[in-house]
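The values are calculated or read from the model by the stated rules, or taken from the named source; none is laboratory data. Treat the numbers as computed from the prediction; the structure is a model and nothing was measured. No Cβ is skipped: glycine too gets one built from the backbone with ideal geometry, and neighbour counts run over all protein chains shown.
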Amino acid sequence: MKSQPKNKAPQKVPVNERALFARLQRALEKDGESLRRCRESSRSFHQLGKFYIVSIQGGCVYHMDVDLESLGRKMGVLKSFEHFTGD
């Protein structure tokens, strides 16, 4: 019987951009907010960034240039055993 190395770090589960976006969208909807994606060809891209958060009722922009990974960790939808692949 072979012994396994004890110092080997546990494998992290990959989470892609689409999956994290969907998780964040569901979590934000509970608070009356919506996560949006801005196309690079849009005139507002440089102001809003790739992702931004708006109010569902009023349509007001709450947060611009949102980092999905940090927001996912902050909101608890991206767990410590997962890593964001960004694709």
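Some points to look at:
- Taken over the range 53-83, the criterion of being over 11 Å from the mean Cα position of the chain (by Cα) and either farther than 22 Å from VAL15 by Cα or of a type in the set (Ser, Thr, Tyr) (or both) is satisfied by VAL54, SER55, ILE56, GLN57, GLY58, GLY59, CYS60, VAL61, TYR62, HIS63, MET64, SER80.
- Check on PHE21, free of Cβ contacts under 8 Å to residues at least 60 places away in the same chain and within 11 Å of the chain's Cα centre (by Cα): yes
- Within the range 27-71, tally of residues that are surrounded by fewer than 15 Cβ atoms within 10 Å (Cβ to Cβ) and among the β-branched types (Val, Ile, Thr): 2
- Residue list for the range 72-82, filter: under 13 Å from LEU28 (Cα atoms) and either surrounded by 14 or more Cβ atoms within 10 Å (Cβ to Cβ) or among the basic types (Lys, Arg) (or both): GLY72, LYS74, VAL77
- Unique residue being without any contact (Cβ under 8 Å) to a residue 60 or more places away in the chain and of a type in the set (Val, Ile, Thr) when the list is VAL66, VAL15: VAL66
- Residues that are modelled with pLDDT under 95, of a type outside the set (Ser, Thr, Tyr) and either more than 25 Å from THR85 (Cβ to Cβ) or in contact with a Pro (Cβ under 8 Å, 6 or more places away or on another chain) (or both) within the range 48-68 comprise ILE56, GLN57, GLY58, GLY59, CYS60, VAL61, listed in sequence order.
- With respect to the stated conditions, LEU48 fails to be of a type outside the set (Asp, Glu) and in contact with a helix residue (DSSP H, G or I) (Cβ under 6 Å, 6 or more places away or on another chain).
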